[in-house]
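The values are calculated or read from the model by the stated rules, or taken from the named source; none is laboratory data. The structure displayed is predicted, hence computed values, not measured ones. Every residue, glycine among them, receives a Cβ derived from its backbone with ideal geometry; neighbour counts consider all protein chains shown. For accessibility, only protein heavy atoms count, side chains too; no ligands or nucleic acids. Shrake-Rupley method; radii C 1.70, N 1.55, O 1.52, S 1.80 Å.
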Amino acid sequence: MNKSLRKTVIAGNWKMNKTATEAAALIEQLIPAVEGADCEVVICTPYTSLVTAVEKTKGTNIHVGAENVHFEKSGAYTGEISADMLVDLGVEYVITGHSERRQYFAETDETVNKRTKAALEAGLKAIVCVGESLAQREQGVTEELVRMQTKIALQNVSAEEMSRVIIAYEPVWAIGTGRTATAEQAQEVCAAIRKLLVELYGETVAQATTIQYGGSMNAGNADELLGKADVDGGLIGGASLKAADFGTIVKAASK
Ligand code: 13P
């Protein structure tokens, strides 16, 4: 394992929080909090804040992402947003397959694959989320489940495209619950994902791919989680809405 072969990426997932006006204010605080970081810093905001986020972060080390994308290029899909629309705004990243979308919006492994493919084809970088529920962990199927989710999400994604893919391991039971996976649990599953990537793409691509942990990562536990060999960053919900906490996590990732 060699962490120097891949980028450490700390990404905020703002979820359905902050008006565009509030987003502008938070970004003003985030800019000094993450300045000079020795890792990639991303904020994924609601669609309505993307223009503000792209404008406000110009010339800074903060990159901007969306939280979802539709898989068709255009057409009669009322309320949806295409990858080209995001690219046109200057958006660089997009989250696909977040468990909240799987849980509340009927997202399936197949649609996650379609969204990931569409994002990559348009030139975006995709943060592909996978993770087990509490029941699945208790049933002892975490590794099989995460392998399956990852494998389906990456169907027909080329080795070349993998340079723009991040996998985020987010155990559903740890999201927004304050119940973080232990660093050992996070490492175990992130390592299993990397092993799958070796099978699918070979050692070079697997070692170059960033694998994040997400689920109640905060200023207090980031150091330990990020210290693990296969944990290459974090996807941060609640703590990404507090500039000081997000700054502390980014500092922990910069070590
Ligand atoms: P929390 O950090 O609020 O648990 O959310 C994690 C998450 O879902 C990030 O995508």
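Structure notes:
- Members of the stretch 16-49 found to be open to solvent by less than 50 Å² (accessible area, probe 1.4 Å) and of a type in the set (D, E, K, R), listed by number: E40
- A37 vs. criteria free of Cβ contacts under 8 Å to residues at least 12 places away in the same chain and closer than 20 Å to L241 by Cα: no
- Meets criteria (in contact with a helix residue (DSSP H, G or I) (Cβ under 9 Å, 6 or more places away or on another chain) and open to solvent by less than 50 Å² (accessible area, probe 1.4 Å)) for L200: no
- If only residues of the stretch 1-20 that are more than 15 Å from K242 (Cβ to Cβ) and part of a loop (DSSP other than H, G, I, E, B) are counted, the one that is farthest from the ligand (Cβ to nearest atom) is N2.
- Residues located in the stretch 68-96, provided they are closer than 23 Å to G234 by Cα and in contact with a His (Cβ under 7 Å, 6 or more places away or on another chain): E92, Y93
- Filter result for S99 (surrounded by fewer than 18 Cβ atoms within 10 Å (Cβ to Cβ), in contact with a helix residue (DSSP H, G or I) (Cβ under 6 Å, 6 or more places away or on another chain), closer than 20 Å to G238 by Cβ and not β-branched (V, I, T)): no
- A residue that is in contact (Cβ under 8 Å) with a residue 40 or more places away in the chain, open to solvent by less than 10 Å² (accessible area, probe 1.4 Å), of a type in the set (A, V, I, L, M) and touching a Leu at 6+ places or on another chain (Cβ under 9 Å) cannot be found anywhere in the stretch 56-67.
For (1) touching a Leu at 6+ places or on another chain (Cβ under 7 Å); (2) open to solvent by 20 Å² or more (accessible area, probe 1.4 Å); (3) not aromatic (F, W, Y), each residue gets a yes or a no:
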residue	(1), (2), (3)
A122	no, yes, yes
V130	no, no, yes
S133	no, yes, yes
E161	yes, yes, yes
E170	yes, no, yes
A174	no, no, yes
T182	no, yes, yes
Q185	no, yes, yes
I193	no, no, yes
